[in-house]
Amino acid sequence: MEAVKRLLIADTDAAYRRVLRDIFEKKRDFVVSGDTGDGEELVRLAKETGADVIIMDVVLSGMDGLT
């Protein structure tokens, strides 16, 4: 049995984040640790949750995906 992966979702579109959350919450090998539309909050969440996987848009408020 594979270990469960902690996942963060980052996109400025809240509806899109909900769609991704719904998809991944149905998978047994993922747990959604959080979601945000803000790059600075994403960095904080990543440190706080120890996320294994981050799905993110390049364009985020506060701090973009390239930074």
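The values are calculated or read from the model by the stated rules, or taken from the named source; none is laboratory data. Nothing here was measured: the structure is a model prediction, and the numbers come from that model. No Cβ is skipped: glycine too gets one built from the backbone with ideal geometry, and neighbour counts run over all protein chains shown. Remember, those area values only see protein heavy atoms, side chains included, never the ligands or the DNA or RNA. Shrake-Rupley method; radii C 1.70, N 1.55, O 1.52, S 1.80 Å.
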### Query
Between (1) 27, 24, 24; (2) 30, 29, 17; (3) 38, 24, 15, which matches Cα extents along the principal axes in Å calculated for the structure shown?
(3)
### Query
In segment 5-67, which trypsin sites (Lys or Arg not before Pro) fall in coil by DSSP and have 11 or fewer other Cβ atoms within 10 Å?
26, 28
### Message
Could you work out what % of the accessible surface of the chain is carbon and sulfur, using a 1.4 angstrom probe and leaving DNA, RNA and ligands out of the count?
### Response
53 percent
### Task
Report, to the nearest 10°, how far helix 14-25 tilts away from the longest principal axis of the Cα atoms in the chain, using its own Cα long axis and a range of 0 to 90°.
20 degrees
